[in-house]
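Only one structure is covered here, and it is reproduced in the block below.
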Amino acid sequence: MKAAPIMMMLAALLPAGVAHAADCVDAKSARDGFVLEKPGIRSEFRPTAGGMVAVVNKYESESPQTQFLFNGLIEVFRDSDTGRVAMIPFSDLRKLFPLKTGAKSTIEFVELAPKKQPKSTKTLTLVVKGKETFSLGDCKYKVLAVKETFKNGAGETLDAFTALYAPDLQAALARRYDEGTSAESVNGYETIKPLAK
């Protein structure tokens, strides 16, 4: 007697659970685009030709910005009301992917902007340190911890952080700064959803 009401209750809960799980973007649905958000920023990701991912960042207090990221990780173009910049690599970025734990690569590139002559090249070093799990709301993703270090032509570090990169999504879900120090912090997205058609 008691088994029937329990089964009915489980059956009623099942569709809700299935629908909820379907809200998490996976490798297949990511091809149709998705949205990552956190307070103050909404980023719309759309895969495009040639391994590029177009990202439109909409900010609460700034003008929108469009980026093109190779495989969703390496920025090659940025455009906003404050300016336009192209990062031209001198090597084939396709050879870096798929990323594997322990891999280390250094990419030399030149940064081009309208009405501004480049004075030197820059370098980006990528070190794939390992695998982790990162949560966006109820959705969990396998990510690679990729240490990114940008240096100018004189070898001075311009920026350094660890990107928590989800290969299935072709997106960095967070950045970890000052890793291993008392000042360590994580700046990441908090939610993910499919891009509305």
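The values are calculated or read from the model by the stated rules, or taken from the named source; none is laboratory data. In this text the structure is predicted, and so the values were computed from the model without any measurement. Ideal geometry is used to build each Cβ from the backbone, glycine not excepted, and the neighbour counts take in all protein chains shown. With ligands, DNA and RNA removed, areas are computed over all heavy atoms of the protein, side chains included. Shrake-Rupley method; radii C 1.70, N 1.55, O 1.52, S 1.80 Å.
Just to be sure I understand the filter: pairs with C-beta atoms under 7 Å, separated by 6 or more residues or on different chains, first member in region 113-136 and under 22 Å from residue 172 (Cα atoms), second member among the acidic types (Asp, Glu) and open to solvent by 60 Å² or more (accessible area, probe 1.4 Å). Which pairs pass? Sorted first by the residue in region 113-136, then by its partner, the pairs are 122/111; 123/108; 136/190. Quick check: anything in region 80-93 more than 29 Å from residue 63 (Cα to Cα) and either polar (S, T, N, Q) or surrounded by 15 or more Cβ atoms within 10 Å (Cβ to Cβ) (or both)? Checked against the condition, which is being more than 29 Å from residue 63 (Cα to Cα) and either polar (S, T, N, Q) or surrounded by 15 or more Cβ atoms within 10 Å (Cβ to Cβ) (or both), region 80-93 yields at least one hit.
As a summary of the residue check, residue 164 satisfies the conditions (1) open to solvent by less than 30 Å² (accessible area, probe 1.4 Å); (2) part of a loop (DSSP other than H, G, I, E, B) except for the one numbered (2). Considering 99, 69, the condition of being surrounded by 13 or more Cβ atoms within 10 Å (Cβ to Cβ) and assigned to a loop (DSSP other than H, G, I, E, B) is satisfied by 99 alone.
Checking every residue in region 25-40 against the condition of being open to solvent by 40 Å² or more (accessible area, probe 1.4 Å), part of a helix (DSSP H, G or I) and not polar (S, T, N, Q) gives at least one match.
Would you confirm, using the coordinates I've provided, whether residue 127 is of a type in the set (A, V, I, L, M), within 27 Å of residue 30 (Cβ to Cβ) and open to solvent by 30 Å² or more (accessible area, probe 1.4 Å)? Here the answer is yes, as residue 127 does meet what is asked. Taking region 130-159 as the range and being over 23 Å from residue 180 (Cα atoms) and exposed (fewer than 12 other Cβ atoms within 10 Å of the Cβ) as the test, the residues that pass are 138, 140, 154.
Screening 112, 144 for residues that are in a strand (DSSP E or B), more than 19 Å from residue 161 (Cβ to Cβ), among the aliphatic types (A, V, I, L, M) and out of contact with any Asp or Glu (no Cβ under 7 Å at 6 or more places or on another chain) leaves exactly one candidate, 112.
Residue 191: more than 30 Å from residue 29 (Cα to Cα), surrounded by 13 or more Cβ atoms within 10 Å (Cβ to Cβ) and β-branched (Val, Ile, Thr), yes or no? Judged against the criteria, residue 191 is not a match.
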